[in-house]
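Rule-based calculations on the coordinates, nothing more; no lab input. None of these values were measured; they are calculated from a predicted model. When we count neighbours, we look across all protein chains shown, and the Cβ atoms used for this are built from the backbone with ideal geometry, even at glycine.
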Amino acid sequence: MRRLAALLCLALAAAAPARQRADAVALPPPPTFRDDADTLGIVFPKTVQQGAMVIGKVPSGSSVRYAGRSLRVTPYGSVVFGVGRDEAGPLQVDVAPPGAPVQAVAIAVTPRDWPVEAVNGVPPKTVNPPPAIAERIRREQAQVVAARTRDGEETGFAQHFAWPVQGRISGRFGRARSYNGQPGSAHSGMDIAVPKGTPVKAPADGVVTFVAPDLYLTGGTVLLDHGHGISSNFLHLSRIDVKVGDVVEQGDVIAAVGATGRATGPHLHWGMNWFDVRIDPLLVLERP
């Protein structure tokens with residue numbers, strides 16, 4: 001018995017240091033997708049708001065996909081996309097860096113409140129247009145939609161955007177609207193109340209892709225493409241100072257404020273898109 005007890009003591013003494021050594025070299029938990037992406041130099045925000053413009057950073061030469069679309073990557077590794085007004089998330093961006101496996105990056109979406117705005121006093125024929133006018137509206141909007149399909153290499157989207165005019169915000173992006181008491185679609189941009197004739201300046205560098213002096217709903221209309229699917233639209237203009245194909249720089253005067261189309265008074269409607277996804281200009285202005 002004494003010999004057996006001695007042997008047990010020796011075995012326990014030998015096991016204790018082994019356990020201590022194992023504890024000292026305990027392995028860390030396995031990496032997450034975010035850990036892998038960070039190691040590879042893939043940077044996206046962890047959360048975004050509905051209506052946001054999202055800029056991410058990936059290794060140069062990467063292939064990037066989001067929402068079924070391949071994203072254009074700048075030579076210095078920037079990509080951009082837009083988050084829709086009603087997007088619930090989470091979003092997934094798939095990044096394939098050169099020589100590395102695809103990384104799936106998840107981004108949470110913060111919901112926003114969308115109050116209802118009543119717009120009264122607009123011409124009744126713009127709220128319930130007759131068939132011939134409805135066909136004109138459809139034709140004109142199709143031209144605008146076509147202009148937004150451009151995926152140019154310009155990088156104006158990466159600038160810090162500036163206000164195209166300085167004034168009071170009279171209509172906010174995303175709010176549900178009623179026109180003369182009749183429910184309408186959500187507001188697609190931001191309205192800024194300023195006097196007729198106020199110069200409208202380019203909020204960032206871009207290429208003019210669409211110009212029309214008298215669309216039925218939006219009146220004088222200009223689209224400015226900032227590259228990679230990001231574009232600005234300026235509506236209800238009284239004067240247009242650019243033509244399709246013009247390359248403009250931030251701060252250049254492109255038009256003047258008016259009250260053309262479906263408008264109750266002089267103001268600038270500034271809308272922004274990522275291809276067919278509408279985004280909030282105010283969030284773009286507030287981007288760090």
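Taken one residue at a time, the phi angles of region 38-49 give Karplus couplings (6.51, -1.76, 1.60, θ = phi - 60°) of 4, 4, 7, x, 9, 10, 9, x, 6, 9, 9, 8 Hz. Gly and Pro are set to x.
Excluding ARG85 itself, calculate the net charge of residues whose Cβ lies under 11 Å from the Cβ of ARG85, where each Lys or Arg counts +1 and each Asp or Glu counts -1. Every neighbour counted, the sum reads 0. Under the rule of at least 5 residues apart or a separate chain, name every residue whose amide H is placed under 5 Å from the amide H of VAL200. The answer is ILE254, ALA255, ALA256, VAL257. Rounded to the nearest 0.05, the FRET efficiency derived from the C-beta distance between ASP214 and ASN128 at R0 = 25 Å is 0.80. For TRP270, TRP163, what ranking results if the residue with the fewest other Cβ atoms within 10 Å of its Cβ goes first? Ascending Cβ contact count within 10 Å gives the list TRP163, TRP270. Taking a sphere under 15 Å around the Cβ of PRO288 and counting the other residues whose Cβ falls inside, with K and R at +1 and D and E at -1, yields a net charge of +2. Fewest-first ordering of GLU249, GLU154 by other beta carbons within 10 Å of each residue's beta carbon gives GLU249, GLU154. For ASN120 and ASP86, a Förster radius of 30 Å and the Cβ-Cβ distance give a FRET efficiency of 0.70, rounded to the nearest 0.05.
Put simply, the amide H of ARG85, placed in the peptide plane, has neighbours under 5 Å in GLY51, ARG278, leaving out anything fewer than 5 places away on its chain. Using θ = phi - 60° in the Karplus curve 6.51 cos²θ - 1.76 cosθ + 1.60, the 3J(HN,Hα) couplings for region 249-254 round to 10, 3, x, 5, 6, 10 Hz; x is entered for Gly and Pro. Can you tell me the relative contact order of region 116-285? Whole percent, Cα pairs under 8 Å, sequence separation 6 or more. In percent, rounded to a whole number, it is 26. Projected label points at GLN250 and TYR76, each 7 Å from Cα along the beta carbon direction, are separated by 1.2 nanometres. Taking the Cβ of ARG150 as the center, what net charge do the other residues with Cβ under 14 Å away carry, scoring Lys and Arg +1 and Asp and Glu -1? Residues near ARG150 contribute -2 overall. Residues GLU153, GLU87 in ascending order of nearby Cβ atoms (within 10 Å, fewest first): GLU153, GLU87. In region 116-285, a dipole from Cβ-located charges (positive for Lys and Arg, negative for Asp and Glu) runs towards its positive end, and of ALA176, LEU224, VAL208 it is ALA176 whose Cα lies farthest in that direction.
Residue-wise HN-Hα couplings along region 143-149, as the Karplus relation 6.51 cos²θ - 1.76 cosθ + 1.60 with θ = phi - 60° gives them from phi, are 5, 5, 4, 4, 5, 7, 7 Hz; Gly and Pro carry x. Amide H contacts of ASP246 (H built 1.01 Å from N, in plane; Pro and chain starts excluded): VAL208 sit under 5 Å, all sequence-distant by 5 or more or on other chains.
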